[in-house]
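J.: Pasting a structure below so you can have a look.
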Amino acid sequence: MENETLTVVDNRTGREYSLPIVDGAIRAPDLRQIAGPDGEGLVSFDPAYLNTASCRSAITYIDGDAGILRYRGYPIEQVAEQAGFLETAYLILEGELPTEDELQRWTDDVRRHTYVHTNIEEFMAGFRYDAHPMGMLLGAVGALSTFYPDAKHISDPENRYLQRVRLIAKLPTIAAFIFRHNRGLPYVLPRNDLGYIGNYVNMTFEIGGRHEPNPVLQRALEILFILHADHEQNCSTSAVRGVGSSHVDPFSAVSAGIAALYGPLHGGANEAVLNMLDVIGDVKNVPAFVEAVKDGSAGTRLMGFGHRVYKSYDPRATLIKQVADSVFAETGVDPKLKIALELERIALEDDYFVSRKLYPNVDFYSGLIYKAMGYPADYFTVLFALGRLPGWIAQWEEMLNDPEQKIARPRQLYTGSAERPYVPLDRR
Ligand code: ACO
């Protein structure tokens, strides 16, 4: 609606201010016309961005109350069921589903860039045998910026396309190197006769030149990647945008996203879920564990539950449960699944979780699936990163193309000392 405004009355002065509402939001800079305590304009205070839109975005739509997730307008259920991962990546990056020709070109471009410089292999070899996979991933992706110094030409769309292809093509290669590094296995080089997922799985699991592909598990992994491909302004994406707003190259910006994803409150939650299931140990211990979470004595939250945006079932968790069925039919049921199902059953009936609208999120079942596929718990977040990559790059490019975007630079509410004279060392 045009000319919508919000009237604010300043009780200190009696003055009235009319703040325009544009696209359903007021703009924080409009508050500056109102006097703040220090004589400067009033600022808004929102430390964790609980109610602050940090950008305009046309990529992903979420309705957290209704449990809706759409990529470029397409429901996640339809994309996950019908699209491939590179097709989904194209959709997220370009805004439209690709034609057959466009998909072929995109797939060929990615296939052509799957190799990494052999110095990257040496770089990886420098990590300790037990280095955390996410630490290695963020280090290696940051290091890519030194191999492709041309990536700093971020205002050139053709150059951006090249870096986009490099990132999507090379991350699975690096991720597979990481997997093998932790096992002391020699790295397996990309096989460009295989598809995107098939090549990655082969680089990860091939032994002695042999790997028997399992199409059900490969499709399950592809669906998991699709389900993770973007999730609007989450912590890691905001990190990519924030760091990218300094106009650094995309490898550096994406490695900042990987760092954010590493944390247990974000992508690290799927690893934390498995650790939690280990601690619970048996179905009979579930009720006591839930009580201990509620009274704080467990010293942990119920990992894999709750979400900043979804206040009903996470639609990705629903889809992941279906994927879990197909995977466990192949691999056999993990005994921890019984604990997870009981945990979910009890939590969904418990007033503590119901009243706080805490439902299983995407991470609750993904760890169990990854484990059944043969990935160790500390590697799960790397798989999350492979899936989230198209989203990070698309959001980074959208940010660069936004004429309103400046370097991200929040304000603060200063709580420190007032001015005081410096005290020399011998008088302290
Ligand atoms: N278990 C127990 N209690 C919880 C949980 C949980 N998993 N999540 C939130 N709560 C409680 C909080 O203690 C708080 O209770 P209170 O009102 O009595 O103080 C209330 O629910 C609201 O919690 P907030 O921390 O304010 O919610 P926020 O939106 O900031 O947190 C988050 C969202 C970080 C995901 C949180 O639910 C959490 O820590 N979950 C566990 C970790 C997890 O699964 N993370 C993965 C998220 S999905 C992703 O990143 C892909």
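J.: Spot the failing condition for V116; the list is (1) buried (at least 19 other Cβ atoms within 10 Å of the Cβ); (2) in a helix (DSSP H, G or I), and only one is missed.
T.: Failed condition: (2).
J.: Confirm whether L389 is within 25 Å of the chain's Cα centre (by Cα), away from the ligand (no atom under 16 Å from the Cβ) and open to solvent by less than 30 Å² (accessible area, probe 1.4 Å).
T.: In short, no.
J.: Quick check on my filter: what residues within segment 316-366 are within 16 Å of the ligand (Cβ to nearest atom) and under 17 Å from F384 (Cβ atoms)?
T.: Once the filter is applied, which keeps residues that are within 16 Å of the ligand (Cβ to nearest atom) and under 17 Å from F384 (Cβ atoms), segment 316-366 yields R316, A317, L319, I320, V323, P360, N361, V362, D363, F364, Y365, S366.
J.: Would you please list the contacts, defined by Cβ atoms under 6 Å and residues six or more apart or on different chains, that run from a residue in segment 304-321 that is more than 22 Å from N275 (Cβ to Cβ) to a residue that is in a loop (DSSP other than H, G, I, E, B) and near the ligand (Cβ under 9 Å from one of its atoms)?
T.: Here the result reads K311/K357, each pair linking segment 304-321 to a residue that is in a loop (DSSP other than H, G, I, E, B) and near the ligand (Cβ under 9 Å from one of its atoms).
J.: Every residue in segment 361-375 that is open to solvent by less than 20 Å² (accessible area, probe 1.4 Å), outside any helix (DSSP H, G or I) and modelled with pLDDT of 90 or more, please.
T.: Y375
J.: Pairs, please: C-beta under 6 Å, at least 6 apart or cross-chain, first residue among the hydroxyl-bearing types (S, T, Y) and in segment 373-392, second assigned to a loop (DSSP other than H, G, I, E, B) and within 16 Å of the ligand (Cβ to nearest atom)?
T.: If the second residue must be assigned to a loop (DSSP other than H, G, I, E, B) and within 16 Å of the ligand (Cβ to nearest atom), the pairs left are T381/G267; T381/G268.
J.: A further question follows. Tell me, which residue of segment 54-65 that is within 14 Å of R308 (Cα to Cα) and assigned to a loop (DSSP other than H, G, I, E, B) is nearest to the chain's Cα centre (by Cα)? Write out each step before concluding.
T.: Narrowing segment 54-65 to residues within 14 Å of R308 (Cα to Cα): 62-65.
Applying the additional criterion that residues be assigned to a loop (DSSP other than H, G, I, E, B) yields 64-65.
Values: G64: 17, D65: 20 Å.
So, considering only residues that are within 14 Å of R308 (Cα to Cα) and assigned to a loop (DSSP other than H, G, I, E, B), the one nearest to the chain's Cα centre (by Cα) is G64.
J.: Same structure again: Say we look at segment 293-315 and pick out the residues that are more than 11 Å from the ligand (Cβ to nearest atom) and open to solvent by less than 40 Å² (accessible area, probe 1.4 Å); which of these is farthest from V362 (Cα to Cα)?
T.: Looking at residues that are more than 11 Å from the ligand (Cβ to nearest atom) and open to solvent by less than 40 Å² (accessible area, probe 1.4 Å), I get S312.
J.: Further question: Can you spot a residue in segment 79-87 that is assigned to a strand (DSSP E or B) and either modelled with pLDDT under 95 or of a type in the set (G, A, S) (or both)? Let's see the steps before the verdict.
T.: The first filter runs over segment 79-87 and keeps only residues assigned to a strand (DSSP E or B), leaving none.
No, every residue in segment 79-87 fails to be assigned to a strand (DSSP E or B) and either modelled with pLDDT under 95 or of a type in the set (G, A, S) (or both).
J.: Could you pull out every one of the helices (runs of 4 or more DSSP H) wholly within segment 268-337 that has 2 or more residues that are acidic (D, E) and over 20 Å from the mean Cα position of the chain (by Cα)? Quick ask: steps written out before the conclusion?
T.: Working: elements: 269-280, 286-295, 315-331.
Once the helices (runs of 4 or more DSSP H) in segment 268-337 are filtered for at least 2 residues that are acidic (D, E) and over 20 Å from the mean Cα position of the chain (by Cα), what remains is 286-295, 315-331.
The values are calculated or read from the model by the stated rules, or taken from the named source; none is laboratory data. Given the structure is predicted, the values throughout are model-derived calculations rather than measurements. Glycine gets a Cβ as well: all are built from the backbone with ideal geometry, and neighbour counts include every protein chain shown. Only protein heavy atoms, including side chains, enter the accessible area calculation; ligands, DNA and RNA are left aside. Shrake-Rupley method; radii C 1.70, N 1.55, O 1.52, S 1.80 Å.
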